[in-house]
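Student: Before I ask anything, here is the structure I am working with.
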Amino acid sequence: MIKFEDVSKVYPNGVKGLNHVNLEIQQGEFVAIIGTSGAGKSTLIRTINGLNNITEGKLTVNAIEVSQLRGKKLRDFRQEVGMIFQAYNLVSRISVIKNVLTSCAPKMGFFSVLFGLYTKSQKLQALEALDRVGILDKAYIRTDQLSGGQQQRVSLARAMAQNPKVLLADEPVAALDPVTAKEVMDDFKRINQELNISVLINIHHVNLALEYAERIIAVKKGEVVFDGPSKQVTQKILDDIYRKEG
């Protein structure tokens with residue numbers, strides 16, 4: 001379970017990214033976080049794995065208080081929380097499988113990583129992850145030869161190779177065409193349902209959020225202004241969320 005208790009985040013320039021947020025997200029939920037640009041969606045996602053440190057309150061993931069983690073404990077924790085970015089964050093000049101295998105690096109020694117000394121078990125796990133997202137046939141192709149949608153699947157496979165309990169995705173389909181975006185969202189949904197992995201997606205495509213997520217959390221000026229089932233989201237609620245003020 002992910003639990004926000006009166007969580008705030010203030011950046012060094014004084015901007016308040018989160019303002020006294022209280023949330024509980026159960027294991028296996030599929031949650032979409034919506035809101036305008038700058039509303040705090042990315043901040044909320046990135047506090048869960050400690051990429052953003054909170055300023056106030058308490059944030060726990062499976063009873064682990066994230067803000068208390070440092071060094072190896074934080075690296076070990078992040079192995080249980082997969083992260084997918086809009087820009088893929090892949091090494092373009094190496095093969096697909098080598099990109100997936102980078103997820104093993106935190107558990108390996110320096111020289112093993114330097115020389116790519118991965119075990120047979122690690123390689124099989126990487127291939128299984130690629131198979132799960134439908135691009136096993138691309139395993140030994142250079143990553144820069146893939147389409148944007150295929151590269152995002154590599155990013156997803158890399159996260160899956162960690163055997164995470166939680167998947168976080170920060171605008172994972174923003175750079176994709178509508179057809180490819182739905183295909184990638186299908187992958188997220190299937191993984192969520194088959195493996196009971198909690199999925200939290202920060203997404204600006206409201207139609208996709210409503211179609212795929214069971215629960216919608218809307219953020220505005222760092223505050224949660226809506227939290228409920230996607231079927232309860234009305235046009236009036238959306239108008240309130242996206243209305244410009246001032």
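Student: Working out 0.36 nm times the residue gap between residue 105 and residue 36, then minus their Cα-Cα distance, what length gain in nm do you get to one decimal?
Tutor: So the chain would gain 21.3 nm between residue 105 and residue 36.
Student: Here's another thing I want to ask about it. Using just the helices of the chain, give the 222 nm mean residue ellipticity in deg cm²/dmol: DSSP H runs with n ≥ 4 each add -39,500 (n - 2.57), and the total is spread over all residues, rounded to 500.
Tutor: Theoretical 222 nm ellipticity from helices: -10000 deg cm²/dmol.
Student: Figure the gain on full extension for residue 232 and residue 179 (residue separation times 0.36 nm, minus the Cα-Cα span) and round it to one decimal in nm.
Tutor: Length gained, residue 232 through residue 179: 16.5 nm.
Student: Then there is this: Using a cut-off of under 14 Å, list every residue of the stretch 53-71 whose amide N is near the label point 7 Å from the Cα of residue 5 along the Cα-to-beta-carbon line.
Tutor: 56-68
Student: Cα centroids of the stretch 129-144 and the stretch 191-217: how far apart, whole angstrom?
Tutor: Computed from Cα coordinates, the inter-centre distance equals 23 Å.
Student: To the nearest 10 square angstrom, how much accessible area does residue 58 have with a 1.4 angstrom probe?
Tutor: 90
Student: While we're on this one: With springs only between Cα atoms under 10 Å, which of 130, 208, 51 fluctuates most in a Gaussian network model of the chain?
Tutor: 51
Student: Moving on. Work out how much length residue 13 to residue 210 would gain on full extension: take 0.36 nm times their residue separation and subtract the Cα-Cα distance, in nm to one decimal.
Tutor: 67.5 nm
Student: What distance in nm lies between label points placed 7 Å from Cα along the C-beta direction at residue 196 and residue 94?
Tutor: Between residue 196 and residue 94, the label points sit 3.4 nm apart.
Student: Right, something else. Would you work out the charge dipole size for the chain about its Cα centre, treating the Cβ of every Lys and Arg as +1 and the Cβ of every Asp and Glu as -1, and quote it to the nearest 20 debye?
Tutor: So the magnitude is around 780 debye.
Student: Putting +1 on Lys and Arg Cβ atoms and -1 on Asp and Glu Cβ atoms, find which of 54, 35, 184 reaches farthest to the positive end of the dipole of the chain.
Tutor: It is 54.
Student: Something else about it: Within the stretch 22-56, name every residue whose backbone N is under 17 Å away from a label modeled 7 Å from Cα of residue 85 along the Cβ vector.
Tutor: Under 17 Å, as judged by backbone N against the label point of residue 85, lie 42-53 of the stretch 22-56.
Student: Oh, and also: Number of Lys-Lys pairs in the stretch 147-246 under 18 Å by Cα, sequence gap 8 or more or different chains?
Tutor: Lysine pairs meeting the criterion: 6.
Student: While we're here: Take each of the peptides 7-20, 225-238, average the number of other beta-carbon atoms within 10 Å over its residues, and list them starting from the highest.
Tutor: Those peptides, ordered most packed to least, come out 7-20, 225-238.
The values are calculated or read from the model by the stated rules, or taken from the named source; none is laboratory data. As the structure is a prediction and not an experimental result, all values here were calculated from the model. Counting neighbours? That spans all protein chains shown, and the Cβs are built from the backbone with ideal geometry, glycine included. Areas reflect the complete protein model, heavy atoms only, side chains present, ligands, DNA and RNA absent. Shrake-Rupley method; radii C 1.70, N 1.55, O 1.52, S 1.80 Å.
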